[in-house]
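The values are calculated or read from the model by the stated rules, or taken from the named source; none is laboratory data. Since the structure is predicted, the reported quantities are computational estimates derived from the model, not experimental observations. Cβ sites come from the backbone with ideal geometry, for glycine too, and all protein chains shown count toward neighbours.
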Amino acid sequence: MSANKLRNCKSLILGCAGLQLSDAEIDFYAEQQPYGFILFARNVETPDQVRHLVQQLRSSVGRPDAPVLIDQEGGRVQRLRSPHWFEARPFGFFGTLYKTDPKVAREALALTTRLIAADLLALGVTVDCTPCLDLSLPKTAAAIGDRAFAADPTVVAELGALVAEEMIRAGILPVIKHMPGHGRGTVDSHHELPLVTASREALGGTDFAPFKALAHLPWGMTSHIVFDQIDPEFPATQSAKVIEEIIRGDIGFDGLLLTDDLNMNALSGTLADRAARALQAGVDIVLHCSGKMPEMQEIAPVCSVLSEKALSRIAATNQVFDRPAQSLDPNADLARLSVLLAES
């Protein structure tokens, strides 16, 4: 991609409404030049349809390598479903298996990740919003639940690293989430604002630890959570203090930083306000997922073109696509996974 073309991109990733783009969507994306796009279940029907939609999205902005994202974790959070695609177990399954047989858990998770990656590659999807590095604690909100591997930060980091490394080897960019940790959130940030009262010191040795261990990874996503011992006023997504001191500082993450979906009710104010505050706080790119045209028309004008720092982070993360991708054999992987899990 030419540097000049990328410099015209806005600090914005958008969804779309349906199974194919309308003329209005094509015109809007061409004019606004979002950096990339994200797919949801409403955009998915068959492999051929998804491939065509991915091509439409990229054509609309005139960039054949524009990133197309999806949430394909496993369990409750996977937009691609049978009969056309592999359905994975949730991360919590592998965390539980790890307690009794770490070797089997690691192999099963690696096989699962490669099967997911093969599905994404066949569709042209280049970014998977996984792994979830949040801790699974007694009061963790159900919205996270079995999306988390375990309560032990060391186990979370080990299994999360395995997922990320398999994705990268296959040629898919992983996104670590939800920075700097959602595990202590006891309410669903889709509906209300979680408040975490633990001290910075306590969080540093627990919730923040998996992110610090994987701070070298290319992309990350923020959480809509208030950490009141760090910044009592703003959730992490909109907190300059959390982003600068914790995510960029203590954790040491210097990759591309996205918000979680701006539509989540943990955030307050208009959508334009939510986007502007997040960008002012230091995120690189805001994520808006609904695909609703009036909402996109509200958000796009407040999103600036990509900053020089974001451009340098993109250049660094795109090195994933410059190396030869691992050759995948989904049939062999699925057969081995079936045997492995039958024996465990």
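Points to keep in mind about this one:
- Only a single criterion out of (1) in contact with a helix residue (DSSP H, G or I) (Cβ under 6 Å, 6 or more places away or on another chain); (2) buried (at least 22 other Cβ atoms within 10 Å of the Cβ); (3) not acidic (Asp, Glu) is not satisfied by residue 34, namely (1).
- Neighbours by Cβ (under 6 Å, 6+ apart or cross-chain): first from the stretch 39-65, more than 19 Å from residue 288 (Cβ to Cβ); second at pLDDT below 95: 65/1
- Members of the stretch 184-205 that are among the aliphatic types (A, V, I, L, M) and either closer than 12 Å to residue 139 by Cβ or out of contact with any Pro (no Cβ under 8 Å at 6 or more places or on another chain) (or both): 187, 195, 196, 198, 202
- Pairing each residue of the stretch 189-204 that is part of a loop (DSSP other than H, G, I, E, B) with any residue that is surrounded by fewer than 16 Cβ atoms within 10 Å (Cβ to Cβ), provided the two are 6+ apart or on different chains, yields C-beta distances under 7 Å for 190/265; 191/265; 192/265; 194/186; 197/228; 197/229; 198/229; 199/229.
- So residue 306, is it within 18 Å of residue 11 (Cα to Cα) and touching a Cys at 6+ places or on another chain (Cβ under 7 Å): yes
- Scanning the stretch 93-141 for residues that are of a type in the set (Val, Ile, Thr) and within 21 Å of residue 289 (Cα to Cα) yields 125, 126, 127, 130.
- Looking at 215, 236, just one residue is touching a helix residue (DSSP H, G or I) at 6+ places or on another chain (Cβ under 6 Å) and modelled with pLDDT of 95 or more, and that residue is 236.
- Extreme residue, nearest to residue 150 (Cα to Cα), among residues of the stretch 89-104 that are in contact with a strand residue (DSSP E or B) (Cβ under 7 Å, 6 or more places away or on another chain) and touching a residue at least 24 places away in the same chain (Cβ under 8 Å): 91
- Residue satisfying condition, being touching a helix residue (DSSP H, G or I) at 6+ places or on another chain (Cβ under 8 Å), surrounded by fewer than 13 Cβ atoms within 10 Å (Cβ to Cβ), of a type outside the set (Lys, Arg) and farther than 19 Å from residue 254 by Cβ, within set 327, 304, 338: 304
- In the stretch 87-113, the residues that are surrounded by fewer than 21 Cβ atoms within 10 Å (Cβ to Cβ) and aromatic (Phe, Trp, Tyr): 93
- Sole residue being among the charged types (D, E, K, R) and either crowded, with 24+ Cβ neighbours inside 10 Å or closer than 24 Å to residue 161 by Cβ (or both), chosen from 231, 188, 273, 254: 254
- Answer from 273, 254 - the residue that is assigned to a helix (DSSP H, G or I), out of contact with any strand residue (DSSP E or B) (no Cβ under 9 Å at 6 or more places or on another chain) and either farther than 26 Å from residue 43 by Cα or touching a residue at least 40 places away in the same chain (Cβ under 8 Å) (or both): 273
- Residue check, residue 164 aliphatic (A, V, I, L, M) and either under 22 Å from residue 227 (Cβ atoms) or without any contact (Cβ under 8 Å) to a residue 40 or more places away in the chain (or both): no
- In the stretch 160-185, the residue that is farthest from residue 74 (Cα to Cα) out of those that are buried (at least 24 other Cβ atoms within 10 Å of the Cβ) and hydrophobic (A, V, I, L, M, F, W, C) is 179.
- Residues located in the stretch 328-344, provided they are under 28 Å from the mean Cα position of the chain (by Cα) and outside any helix (DSSP H, G or I): 328, 329
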